[in-house]
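Worksheet for the structure shown next.
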Amino acid sequence: MPLHNFFDPMRFGTELAYTLIILIFCFVIYFRTKVLYDLTKHKGIKYFRYAFLFFGLAYLTRFILHLRLISTISADIPMRLIHLPVLVLTGYFSTMAIFSLVYTNIWKRINAKHFILFSNIVAVLLSIAAFLTRSHMILISLQLVLMICAVILSFAKKTKKLSNVRTLYVLILIFWLFNLFTIGHRRLLPFEVKVIFQLISIIVFLIIHHKVSKWTK
Amino acid sequence: MDKMTRKRDRLEVIYDILKIIQDNNNSIKPTPLLRKSNLSSNSYSEYSEELLGKGLIKEILDKKGRKHLTLTDKGFKYLEKYKMIKGFITEFEL
């Protein structure tokens, strides 16, 4: 049976293209920095890589969640079956991504073992919360709180100035929450507005990818 | 602040140790390496173990059975990529 019988082709195509572009950027960043990490075992590089690996996985699982939103009734039954496990995975991957990204900036000030344990516990708790409520809204609310705390922690440094790279990090976090929000609220935002946000989000990842490429030729 | 007075970071110390070995025709005994690296003996031991563990240097014995330290391929690669590593870390504030 043709795919357009299950999904709105326009929305499906846009989401697929967006997810693939972000996924490619994330995985390219992850693999291109492997040599630098292998040579140095530098913790900052390690968590920078983890952040993009987890963001890639989170965007992938978000896409699967999004399929349910844009699916027609005939595809809704199988989508409903996979919704919950995918929601749990999205919660875990995205929370780990947020923690890893923040940790790249603060690892020199914080005990690594405790932080990894703490981030895993929080990620699992958020996933459980998403599982129990069967809603991604709890994830958005908790991750928003987490993000605010993380940003405060990250900027509680001697240099309070917002550097270019930290601005990019904050934008990545904001766009993630925006993308998670759009899963359940497509009527709140016109399709065109969402596409514009996604284009800006792609530009942010493109800039980071470009910066990474500069040092990993 | 110049290089002699400011505290070197870990990556810089590793670079300096590897560079000393390379500049000594890729073979140096531990005692002169300790002296040239400007480290305390405790720090030197830690770095030496770390570099051996990471496979950046290896120990070889000469004909008289004396221990020498030499760079591995990975050690040479570290020296080659050092500017990139530092640039990357600075760029992303890692």
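The values are calculated or read from the model by the stated rules, or taken from the named source; none is laboratory data. Predicted model, so just to flag it, every value in this text is computed and none were measured. Neighbour counts run over all protein chains shown; Cβ positions are idealised from the backbone, glycine included.
Please determine whether any residue of the range A:146-156 is assigned to a loop (DSSP other than H, G, I, E, B) and at pLDDT below 85. Yes, because at least one residue in the range A:146-156 is assigned to a loop (DSSP other than H, G, I, E, B) and at pLDDT below 85.
Annotation note: of B:LYS3, B:LYS58, the sole residue that is modelled with pLDDT of 95 or more and more than 13 Å from every other protein chain (Cβ to nearest Cβ) is B:LYS58. B:GLY87 meets all of the listed conditions (1) farther than 30 Å from A:ARG166 by Cβ; (2) out of contact with any Leu (no Cβ under 8 Å at 6 or more places or on another chain); (3) within 14 Å of chain A (Cβ to nearest Cβ) but one, namely (1).
Pairs are defined by a Cβ separation below 7 Å, a sequence spacing of at least 6 or placement on different chains, a first member in the range B:66-94 that is in contact (Cβ under 8 Å) with a residue 24 or more places away in the chain, and a second member that is among the acidic types (Asp, Glu); the pairs so defined are B:LYS67/B:GLU59; B:HIS68/B:ASP62; B:LEU69/B:GLU59. Just to be sure, is B:ASP73 more than 14 Å from every other protein chain (Cβ to nearest Cβ) and surrounded by fewer than 17 Cβ atoms within 10 Å (Cβ to Cβ)? For B:ASP73, the condition - more than 14 Å from every other protein chain (Cβ to nearest Cβ) and surrounded by fewer than 17 Cβ atoms within 10 Å (Cβ to Cβ) - is not met. Taken over the range A:15-38, the criterion of being in contact with a helix residue (DSSP H, G or I) (Cβ under 8 Å, 6 or more places away or on another chain) and more than 14 Å from chain B (Cβ to nearest Cβ) is satisfied by A:GLU15, A:LEU16, A:TYR18, A:THR19, A:ILE21, A:ILE22, A:LEU23, A:PHE25, A:CYS26, A:PHE27, A:VAL28.
For (1) of a type in the set (D, E, K, R); (2) within 14 Å of A:LEU101 (Cβ to Cβ), each residue gets a yes or a no:
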{"position": "A:LEU20", "(1), (2)": "no, no"}
{"position": "A:CYS26", "(1), (2)": "no, yes"}
{"position": "A:TYR30", "(1), (2)": "no, yes"}
{"position": "A:LYS34", "(1), (2)": "yes, no"}
{"position": "A:TYR50", "(1), (2)": "no, yes"}
{"position": "A:PHE54", "(1), (2)": "no, yes"}
{"position": "A:LEU65", "(1), (2)": "no, no"}
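Just so you know, in the range A:186-217 the residues that are among the polar types (S, T, N, Q) and at pLDDT 90 or above include one that is surrounded by the fewest Cβ atoms within 10 Å (Cβ to Cβ), and it is A:SER213.
Here B:LEU51 does not qualify as touching a helix residue (DSSP H, G or I) at 6+ places or on another chain (Cβ under 7 Å), closer than 23 Å to A:LYS43 by Cα and at the interface with chain A (Cβ under 9 Å from one of its Cβ atoms). Taken over the range A:203-217, the criterion of being without any contact (Cβ under 8 Å) to a residue 40 or more places away in the chain and either within 11 Å of chain B (Cβ to nearest Cβ) or not hydrophobic (A, V, I, L, M, F, W, C) (or both) is satisfied by A:HIS210, A:LYS214, A:LYS217. Looking across the range A:39-68 at every residue that is more than 19 Å from the chain's Cα centre (by Cα), within 22 Å of A:PHE115 (Cβ to Cβ) and assigned to a helix (DSSP H, G or I), the one that is nearest to the other protein chains (Cβ to nearest Cβ) is identified as A:THR40.
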